[in-house]
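Undergrad: Here's a structure for you.
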Amino acid sequence: MKILDLLKIVSLTTLLVFTVNTQAAKKAKKVDKSAEHKANYEKKIKVNNDTIGVIAGVINYVCPKLVAKSTKICNVKDPVASAVGFQKQLVQKGTIDDLDDMEEAELKKAIKTRKILHQAAAMQFYDAVEQFKLHYPERKKAKAFAAKKKWQLAAQHEEMAWQYLVKTASRGIFTKKMVDGK
Amino acid sequence: MEFRVTKMLKVISLFVVAALFTTTAWAQSLSDVVKERGLSDKDLLAAAKTYNPSGKKDEYIVFSSGGQSGQMIVYGVPSMRILKYIAVFTPEPWQGYGYGEAHSMKVLEQGRIRGRKITWGDTHHPALSETKGDYDGQYVFLNDKANPRVAVIDLKTFETVQIVVNPIFKSEHGSSVVTPDTEYVLEAAQYPAPFSNKYVSLDKFNTHYRGGVTYWKFDRKKGRINKKKSFTVEMPPYMQDITDVGKGVSAGWSFTNSINTERYVGGYGKGNTKYKDKLANEAGMSAKDTDYMHVVNWKAAEKLYKAGKFKKVNGHPVISMKDMVKANALFLIPEPKSPHGNDVSPDGRYIIVAGKLDTHASIYDFTKIKALIDKKEFASKDDYGIPILDFTKTLHKQVQLGLGPLHTQFDKEKGIVYTSLYVDSAVARWDYLSGKLIEKLPINYNIGHLVTAEGDTVAPDGKYLVALNKLSIDRFNNVGPLHPQNHQLIDITKGRPMHLLYDMPLPLGEPHYAQMIKADKLKPIVRYKKRSFKHYVKAGKEGVFRKGKNVTIKSTSIRSHFSPEVIEVKKGDNITWHITNVERAQDQVHGFSVDNYNVHASIEPGETVTMKFKADKRGVFPFYCTEFCSALHLEMMGYFLVK
């Protein structure tokens, strides 16, 4: 009998302690999460800035190997302008779809007259720049949410921006391999 | 300071020791490897001749039949690396061929015979399209012996674009073969049967069973066979076999071997329901000393067809033997019994027929054949009134090669040819002009066809030969009783004895014939032109559109998402799902599959695929990209919800 009573008391105490602890933890978590999201957002900003730094390096490396020097498109001080300039040089007054629809011989001719130095790498790099462009609106949205202290949403958009940057980087690195002939 | 220097030295020493250890651990000299693996100088030479370092491409591409797989095998020479299996008569999931993708479903539907869907093929002989008798690298044709059909493969995409069913044959063999400018693709029947689809007793074999050769008109501009401009030349109920076409002096003619001109049907085996007392097929089918080579003036047959001198059977024009004979367009020449290969020389003057059951190769001279035809000098006629030319008067030479000669391919060097010896398991190198046997190289085992570089064109390259061996027996690791086939690469460079370079196991059916083309003649596309697809979806224009029960989904795919990602429909909706791969990077392919719906597509750069299926089950069905397309491949998914 004594043993049973003891067990009951222990069980009740355990339950009580557990309930109190859980409630306390929940309260603490609620407070912590906001800070956590903020920290996460800030961390992501840093990661994205670093990734952009890497991408800039790749652009500066591949640009002179993709377009002729005479076009004066590549500018190490402004890699984004280099990338956009490259795209304009490739499509001229048309769109990339026009190039897509050209017969191989016609495409080769267009590539040559447009002073593009590596056809396959150029197409790869065009796609890389397209992905890069997609990261801007995400970061803009992230900033807007951050201003409203909606850290979780801000972090999510910063994360989406990073996804586009990763896609840019993967295509960029592939472009680098192609221009290097590896 | 002293401490620092000592420490640094220690570190340096460690690096040096580690470096030394690493070097000695993995660096090997060539002689070490040779010793370790027990290789000979000959092996090393063969390895050096076939090894392609990473990134190096092959000089030649082989298109090989895939036998019972219903596919075509593509590999490079000299590396013998397999590059592709082209789905032809059989659904193939990786390429999204026959798993809901509308274009491939339509092509496979074309292959229905008498309403029945046939999803396999016994592919035998690929034929590359030709211009002036030379491979032009534009198309390749492939036949199905079991279910008489011919497929067209476009070499811009390496995809099957058409399957044509022979409406009158019940089996075939001598196909595919093309005329020198690919005006026609030939398909010769094999086992005689009534042209109609009706039951006819075997007692009426001689009168109602027939053979023939179909001349499929190829429209190069459209890249398709035009069934409406095609015809068949009726032939006796002999078993027509390997076929080749004339070129040069013999242009406008075609030559088809035959077996069982005895027209024997056996009765072997206890369960036979007919002819219970007859001997087996083998006994009667090769009883005579000779069979016949059919000699057809196809240009004359074309004229008959255009003049309307044909009867339609199952809706298909058939020119009768009678009309062919009357037009001086069909002849027979005796050939050693149960022959096999039938190969026209690059200049078109000679036709080499390998004996199979005879140890000789018989070389016919077309100028002699033509002279006899022009003089109307015939030895006799067969039971169907077809003129038979005198065997010896048409012959250039007969050369004894060995046991079971089957097929012949040509060398760059004038007069030099290679013939497979099935029973001997050897390749014979010989001179068909002088009639001299030069050498024989043993192979492993039971060689069927063989192929040399561009070896059946007007300008063969020589250099390499592949023996297409039927059995591999002990060549490779045992993988159970069904072993792979063995394609053996042989160096046939002029001035050197033939020597074996490489054994390649092929575990995909029994390949019969193959053709070897110079790689630089092939100009496949790298990506599709998006706008060439009617249902091309432009990025940003995606959506789900409903019209009653018909739901059209317009999607795009790009690393690493489909757009849209969540699609909800109702049970019973008819789904048409267009997906455009908007990637323009080379090889950036996406796969597409929906759980439980048995659909799969390969969406290649620039391509729009259309999947059609009925949402006949309620539930939650994830769809995803089945190619590991990017680091975020696993996230490239969505939900197809049916409520």
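The numbers here are math on the coordinates, done by the rules we state, and not lab data. Predicted model only: the values in this text are computed from it and were never measured. Ideal geometry is used to build each Cβ from the backbone, glycine not excepted, and the neighbour counts take in all protein chains shown.
Undergrad: Angle, helix B:2-26 long axis vs. longest principal axis of chain B, Cα atoms, 0 to 90°, nearest 10?
TA: Helix B:2-26 sits roughly 10 degrees off the main axis of chain B.
Undergrad: Ok, one more. Kindly provide the Kirkwood hydrodynamic radius of the stretch A:33-179 in Å, to one decimal, from all pairs of distinct alpha carbon atoms.
TA: This gives a value of 16.3 Å.
Undergrad: Between B:Val620 and B:Ser196, what FRET efficiency follows from the Cβ-Cβ distance if R0 is 45 Å, with the result rounded to 0.05?
TA: It comes to 0.30.
Undergrad: Return B:Trp120, B:Trp253, B:Trp94, A:Trp162 ranked ascending by Cβ neighbour count within 10 Å, so the fewest neighbours appear first.
TA: B:Trp94, B:Trp120, A:Trp162, B:Trp253
Undergrad: Next question. Please turn the phi angles of the stretch A:49-61 into ³J(HN,Hα) values with the Karplus equation 6.51 cos²θ - 1.76 cosθ + 1.60 (θ = phi - 60°), one per residue in order, whole Hz, x for glycine and proline.
TA: Along the stretch A:49-61, the couplings run 4, 5, 5, 4, x, 5, 4, 4, x, 5, 4, 5, 6 Hz.
Undergrad: Just for chain B, what percent of DSSP beta bridges are antiparallel, to the closest 5?
TA: 90 percent
Undergrad: First check a/c for the stretch B:227-358, with a ≥ b ≥ c the square roots of the eigenvalues of its C-alpha gyration tensor; if it is under 1.5, answer rounded, and if not, answer prolate when a/b is larger than b/c or oblate otherwise.
TA: Oblate is the answer for the stretch B:227-358, as a/c is 1.5 or above yet b/c matches or exceeds a/b.
Undergrad: Separate question: Go through B:Lys306/B:Lys397; B:Lys337/B:Lys368; B:Lys309/B:Lys521 and tell me which ones have a Cα-Cα distance over 31 Å in this structure.
TA: Cα-Cα > 31 Å for B:Lys306/B:Lys397; B:Lys309/B:Lys521; rest within.
Undergrad: Determine ³J(HN,Hα), in whole Hz, for all residues of the stretch B:613-620 in sequence, where each value follows from phi through the Karplus function 6.51 cos²θ - 1.76 cosθ + 1.60 and θ = phi - 60°; x replaces Gly and Pro.
TA: The phi angles translate into 7, 9, 7, 9, 10, 6, x, 10 Hz.
Undergrad: Measuring from centroid to centroid over Cα atoms, what is the spacing of the stretch B:451-506 and the stretch B:355-418 in Å?
TA: 27 Å
Undergrad: For the stretch B:368-382, just list the computed ³J(HN,Hα) in residue order, Karplus coefficients 6.51, -1.76 and 1.60, θ = phi - 60°, integers in Hz, with x standing in for Gly and Pro.
TA: In residue order, the calculated couplings are 6, 4, 5, 4, 5, 5, 4, 7, 6, 9, 10, 6, 6, 10, 8 Hz.
Undergrad: Right, here's the next one. How big is the gap, in Å, between the Cα center of the stretch A:32-111 and the Cα center of the stretch B:316-350?
TA: So the two Cα centres are separated by 65 Å.
Undergrad: Next question. Label 7 Å along Cα→Cβ of B:Lys49; the stretch B:436-456 residues with amide nitrogen under 17 Å?
TA: B:439-444, B:451-454
Undergrad: Once amide H atoms are placed 1.01 Å from N in the peptide plane, what residues at a sequence separation of 5 or more from B:Leu279, or on another chain, have their amide H within under 5 Å of its amide H?
TA: The answer is B:Gly267.
Undergrad: Check the straight Cα-Cα distances from B:Lys228 and name the aspartates and glutamates below 18 Å, setting aside those fewer than 8 residues away within the same chain.
TA: Candidates past the 8-residue exclusion: B:Glu183, B:Glu187, B:Asp219, B:Glu302.
Undergrad: Now for a separate question. On each of the three principal axes of the Cα atoms of the stretch B:530-642, give max minus min coordinate, whole Å, ordered largest first.
TA: 38, 29, 22
Undergrad: Any idea what the alpha-carbon Rg over 2.2 N^0.38 Å comes to for chain B?
TA: After normalising by residue count via 2.2 N^0.38 Å, the value is 1.12.
Undergrad: Does anyone have the angle between helix B:41-50 and the longest principal axis of chain B? Alpha-carbon axes, 0 to 90°, nearest 10?
TA: 80 degrees
Undergrad: Of all beta bridges DSSP finds with both residues in the stretch B:530-642, what is the antiparallel percent, to the nearest 5?
TA: 70 percent
Undergrad: Sort by residue number and name the cysteines in the protein assembly as shown that have no neighbouring cysteine Cβ under 4.7 Å.
TA: B:Cys625, B:Cys629
Undergrad: Here's a follow-up. Among B:Ser425, B:Ser40, rank each residue by its count of other Cβ atoms within 10 Å, from fewest to most, as a rough exposure measure.
TA: If I rank by nearby Cβ atoms, fewest first, I get B:Ser40, B:Ser425.
Undergrad: Less than 15 Å Cβ to Cβ from B:Glu262, Lys/Arg counted +1 and Asp/Glu -1: what total charge do the surrounding residues give?
TA: Surrounding charge for B:Glu262 is -3.
Undergrad: Non-local amide H neighbours of B:Asp134 (under 5 Å, H modeled in plane, Pro and chain starts lacking H): which ones?
TA: B:Val458
Undergrad: Also, I was wondering about something else. Treat the count of other C-beta atoms within 10 Å as a stand-in for reagent exposure and order B:Thr394, B:Thr273, A:Thr113, B:Thr576 from fewest to most.
TA: Listed from fewest to most nearby Cβ atoms, that is B:Thr273, A:Thr113, B:Thr576, B:Thr394.
Undergrad: In whole Å, how far is the Cα centre of the stretch B:60-74 from that of the stretch B:560-630?
TA: Cα centres, the stretch B:60-74 to the stretch B:560-630: 29 Å.
Undergrad: Continuing with this model, one more query. For B:Gly212, list long-range residues whose amide hydrogen, built 1.01 Å from N in the peptide plane, is under 5 Å from its own amide hydrogen.
TA: Sorted by chain and number, the residues that satisfy this are B:Ala189, B:Met235, B:Gln240.
Undergrad: Check the straight Cα-Cα distances from B:Lys35 and name the aspartates and glutamates below 13 Å, setting aside those fewer than 8 residues away within the same chain.
TA: B:Asp43
Undergrad: In the P(r) worked out for the protein assembly as shown, what percent of Cα pairs fall beyond 55 Å?
TA: Here the tail beyond 55 Å accounts for 28 percent of pairs.
Undergrad: Then there's this: Report the charge-dipole magnitude of chain B in Debye, nearest 20, computed about the Cα centre from +1 at each Lys and Arg Cβ and -1 at each Asp and Glu Cβ.
TA: Using only the charged Cβ atoms, the result is roughly 2580 debye.
Undergrad: Past the 25 Å Cα-Cα mark, which pairs from A:Lys88/B:Lys534; B:Lys145/B:Lys518; A:Lys77/A:Lys148; B:Lys530/B:Lys554?
TA: A:Lys88/B:Lys534; B:Lys145/B:Lys518; A:Lys77/A:Lys148
Undergrad: Choose one of B:Gln588, B:Val34, B:Ser425: the residue whose Cα lies farthest towards the positive end of the charge dipole of the protein assembly as shown (beta-carbon charges +1 Lys, Arg; -1 Asp, Glu; about the Cα centre).
TA: So the residue furthest toward the plus end is B:Gln588.
Undergrad: Now for a separate question. Using DSSP, restrict attention to beta bridges with both residues in the protein assembly as shown and report what percent are antiparallel, rounded to the nearest 5.
TA: Approximately 90 percent, going by the DSSP bridge assignments.
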